[in-house]
Amino acid sequence: MTKLILFNKPYDVLSQFTDKGTEGTPRRTLSDFIDVPGVYAAGRLDRDSEGLMVLTDDGRLQARITSPRTKTPKTYWAQVEGSPSDEQIAALCTGVTLKDGPTRPARVRCVGEPPDLWPRTPPVRYRKSVPDAWLELTITEGRNRQVRRMTAAVGLPTLRLIRARVGEWGLDGLAPGEWREVPVSAAPPRRPQRPR
């Protein structure tokens, strides 16, 4: 039976099970939280980003989630520096040109701070003189650091980035470091598992 795990990746955790870095100090990885043999991440999430990761032991499902051809929607909450204008939102919705080419159109809207948002450690740098805002962005691509590059391209640098949904799956009450196994049919979720 296919295993499907939803995990809320904390800030400063690598989206892989081993650390092959050369920094000297071991970095936290998925293995610090998940002890389920044979599962692999369906897509990556940057070390400085937080939120939903989907893991599975089914290679075909993993490919379906990550393939650009399937256009699986991924929804992010981005805390950006500045006050977004209608023109900036429209540019993100239309698609912006990055160094690796134009992005597909995105769904973007201004939102308030996400409900039940956990504090980040370390906290985002706060500056009284610079306003910030939250955007909800849904994209159907998965380029390297895409959301951060998109917001920067329109003059709204991302301060904090949280992935809230991947396709039909969402965070749904998972605290940072928690995970739950769900049926592939996305039946009601089980109780979250605490970090080991």
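The values are calculated or read from the model by the stated rules, or taken from the named source; none is laboratory data. Remember, predicted model here, so these are calculated numbers, not experimental data. Virtual Cβ from ideal backbone geometry, glycine too; neighbours counted across all protein chains shown.
From the set of residues in the stretch 11-64 that are free of Cβ contacts under 8 Å to residues at least 40 places away in the same chain and small (Gly, Ala, Ser), which is farthest from residue 180 (Cα to Cα)? So, considering only residues that are free of Cβ contacts under 8 Å to residues at least 40 places away in the same chain and small (Gly, Ala, Ser), the one farthest from residue 180 (Cα to Cα) is 24.
Checking each residue in the stretch 92-149 for being over 17 Å from residue 73 (Cα atoms) and among the polar types (S, T, N, Q) picks out 97, 121, 129. Taking the stretch 104-143 as the range and being touching a residue at least 40 places away in the same chain (Cβ under 8 Å), assigned to a loop (DSSP other than H, G, I, E, B) and among the polar types (S, T, N, Q) as the test, the residues that pass are 121, 140. Checked against (1) assigned by TED's automatic domain parsing to the domain that holds residue 120; (2) in contact with a Leu (Cβ under 7 Å, 6 or more places away or on another chain), residue 85 passes all but condition (2). Restricting 24, 38 to those that are in a loop (DSSP other than H, G, I, E, B) and touching a Lys or Arg at 6+ places or on another chain (Cβ under 8 Å) reduces the list to 38.
Number of residues in the stretch 150-166 that are within 15 Å of residue 45 (Cβ to Cβ) and in contact with a Lys or Arg (Cβ under 8 Å, 6 or more places away or on another chain): the value is 6.
Just to be sure before I move on: is residue 61 outside the structural domain of residue 135 (by TED's automatic domain parsing) and either closer than 26 Å to residue 108 by Cα or in contact with a Lys or Arg (Cβ under 7 Å, 6 or more places away or on another chain) (or both) in the structure I sent? No; evaluated as a whole, the condition is false for this residue.
Every residue, every condition in (1) within 17 Å of residue 149 (Cβ to Cβ); (2) of a type outside the set (A, V, I, L, M, F, W, C); (3) within 19 Å of the chain's Cα centre (by Cα), yes or no:
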{"residue": "34", "(1), (2), (3)": "no, no, yes"}
{"residue": "43", "(1), (2), (3)": "yes, yes, yes"}
{"residue": "67", "(1), (2), (3)": "no, yes, yes"}
{"residue": "73", "(1), (2), (3)": "no, yes, yes"}
{"residue": "79", "(1), (2), (3)": "yes, yes, yes"}
{"residue": "86", "(1), (2), (3)": "no, yes, no"}
{"residue": "89", "(1), (2), (3)": "yes, no, no"}
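Taking (1) under 30 Å from residue 2 (Cβ atoms); (2) touching a helix residue (DSSP H, G or I) at 6+ places or on another chain (Cβ under 8 Å); (3) at pLDDT 95 or above; (4) not small (Gly, Ala, Ser) in turn, residue 80 satisfies each apart from (1).
Set side by side, the residues 160, 145, 149 differ, and just one is on the phi > 0 side of the Ramachandran plot and either surrounded by fewer than 18 Cβ atoms within 10 Å (Cβ to Cβ) or of a type in the set (D, E, K, R) (or both), which is 145.
Residue-wise test of (1) in contact with an Asp or Glu (Cβ under 6 Å, 6 or more places away or on another chain); (2) more than 22 Å from residue 140 (Cα to Cα); (3) surrounded by fewer than 17 Cβ atoms within 10 Å (Cβ to Cβ).
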{"site": "24", "(1), (2), (3)": "no, yes, yes"}
{"site": "35", "(1), (2), (3)": "no, yes, yes"}
{"site": "44", "(1), (2), (3)": "no, no, yes"}
{"site": "63", "(1), (2), (3)": "no, no, yes"}
{"site": "72", "(1), (2), (3)": "no, no, no"}
{"site": "75", "(1), (2), (3)": "no, no, no"}
{"site": "111", "(1), (2), (3)": "yes, no, yes"}
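If we scan the stretch 45-54, do we find a residue that is assigned by TED's automatic domain parsing to the domain that holds residue 136 and in contact with a helix residue (DSSP H, G or I) (Cβ under 7 Å, 6 or more places away or on another chain)? Among the residues of the stretch 45-54, not one is assigned by TED's automatic domain parsing to the domain that holds residue 136 and in contact with a helix residue (DSSP H, G or I) (Cβ under 7 Å, 6 or more places away or on another chain), which makes the answer no. Residues that are in contact with a Gly (Cβ under 6 Å, 6 or more places away or on another chain) and of a type in the set (D, E, K, R) within the stretch 31-58 comprise just one, 57.
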